[in-house]
1. So, of the residues in region 1-29 that are assigned to a loop (DSSP other than H, G, I, E, B) and within 25 Å of residue 67 (Cα to Cα), which turns out to be modelled with the lowest pLDDT?
2. Checking the condition touching a Pro at 6+ places or on another chain (Cβ under 8 Å), modelled with pLDDT of 80 or more and not acidic (Asp, Glu), which residue from 56, 96, 87 passes?
3. So which pairs qualify, if the first residue must be in region 93-112 and closer than 17 Å to residue 57 by Cβ and among the β-branched types (Val, Ile, Thr), the second must be modelled with pLDDT of 75 or more and loosely packed, with under 13 Cβ neighbours inside 10 Å, the Cβ gap must be under 9 Å, and the two must be at least 6 apart or on different chains?
4. Which condition does residue 113 not pass, out of (1) in a helix (DSSP H, G or I); (2) modelled with pLDDT under 85, if it passes all the others?
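The values are calculated or read from the model by the stated rules, or taken from the named source; none is laboratory data. Keep in mind that this is a model prediction, so the values were computed, not measured. Quick reminder, even Gly has a Cβ in these numbers, built from the backbone with ideal geometry, and neighbours come from all protein chains shown.
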Amino acid sequence: MTDIPQHIAELVAAGHKIEAIRLLREATGLGLADAKSIIDAVGSGAPVPAHVLQQLEARAAATAAEDLPPDVLAAAAAGNRIEAIKLLREQRGLGLKEAKDLLDRVVPVPAGAKKGCLLPLLFGCLVGWATLVAVGGA
């Protein structure tokens, strides 16, 4: 089940509170009383609390990590995120954004890591394009 909050909401709406409590406890490790109070609140129309959503997202990311091919994980762990995204796109047939988003969820960029800047690349492309136009027009 990839969208646990949605599944929990559906179970509550269908009157299956015990199943919703069980699923929430399995997904988050919450105690019975905490899970029951959250499910009761959801049953009254309140959203799932933010800290619980974070736990559910972490579980989803961990599950997704188990599903990623070893070479994708190895490339990401080595700091070669572009190669990891390329491999993920080839192996899963994902688009660029989907592959990047999945990798970012499963193997987040470390907090202190420097994110690259695309400006030099874009500038180089623009200069190359302008040169082609100038040469082609001459």
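1. Within region 1-29, the match that is modelled with the lowest pLDDT is 1.
2. 87
3. 106/67; 107/77
4. Checking residue 113 against (1) in a helix (DSSP H, G or I); (2) modelled with pLDDT under 85, the one that fails is (1).
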